[in-house]
1. Can you bin the stretch 135-202 into rounded, prolate or oblate? Criterion: square roots of the alpha carbon gyration tensor eigenvalues sorted a ≥ b ≥ c, rounded for a/c under 1.5, prolate for a/b above b/c, oblate for the rest.
2. Give the relative contact order (percent, whole number) for the stretch 154-204; include only Cα pairs under 8 Å separated by 6+ residues.
3. Any chance you could run the full-extension gain for residue 81 through residue 109? It's 0.36 nm times the residue separation minus the Cα-Cα distance, nm to one decimal.
4. At 0.36 nm per residue, and after removing the present C-alpha to C-alpha distance, how many nm does the segment from residue 93 to residue 179 gain when stretched out fully?
5. Order of 115, 152, 69 from fewest to most other C-beta atoms within 10 Å?
6. Pulled fully out, how much extra length does the chain show between residue 204 and residue 141, if you take 0.36 nm times their separation in residues and subtract their Cα-Cα distance?
Amino acid sequence: MKKYLAVALAVLALSGCEITQQQQEQQQTQTPPTTAPITPVTPVPNIGTPESAGQPPVQNIPQPPKFQSIDWSATVQPLVAKMLQADGVQAGSVLLLDNVKNSTNGSLQTGKITSAMHTALASNNTFTVVPASQLATAKQAMGLSPDDNLVSRSKAIALARQVNAQYVLYSDASGNVKSPTLDMQLMTVPSGEIVWSGSGAVQH
């Protein structure tokens, strides 16, 4: 009996060892894999604004200086007054006044000069200025654009004949566009003779 008990105990002991070994293997297979250690991220120090970081402060771009606007009325009126007092001008004549020619070194709003000349001549008793509507019709009849500036004296005289004008006031702005000089010439239509001329610097 003792021998059988010893054998039974040995079998139980062996089977217990196998169970324990199986449990250990199962625990090893169920144990999650070891993860790599997480390295803490070192926070980046706040460098602050560009001024605090040693960079130069942002500077505002200075505005370019504004040029004084030209007072065309003050520029034109003295010249027109002298023209109306010129010798040999027949009162009651028809005058052709077209856009001023731009001979400056830049862009110039010649329409403002022409408008100032019309205003200066509006109340005169010497000339009857050709209306703008009649001038546009005459340009169309001659095949010219309504915005065509009479860049040549011959073209201006031809247009004056078309509207039955006796005189043409030919004007030209020249020189520096910031401070141009205005030249005027009063010509007779039949012959193209210059009966008066004048020039003056612009007024600001």
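Each value in this text was obtained by applying a stated rule to the coordinates, not by laboratory testing. Note that the structure is a prediction, hence the values are computed from the model and not measured. All Cβ positions, even for glycine, are placed from backbone atoms using ideal geometry, and neighbour counts span all protein chains on display.
1. oblate
2. About 29 percent, as a whole number.
3. Roughly 7.8 nm would be gained on extension.
4. 27.7 nm
5. 69, 152, 115
6. Roughly 18.8 nm would be gained on extension.
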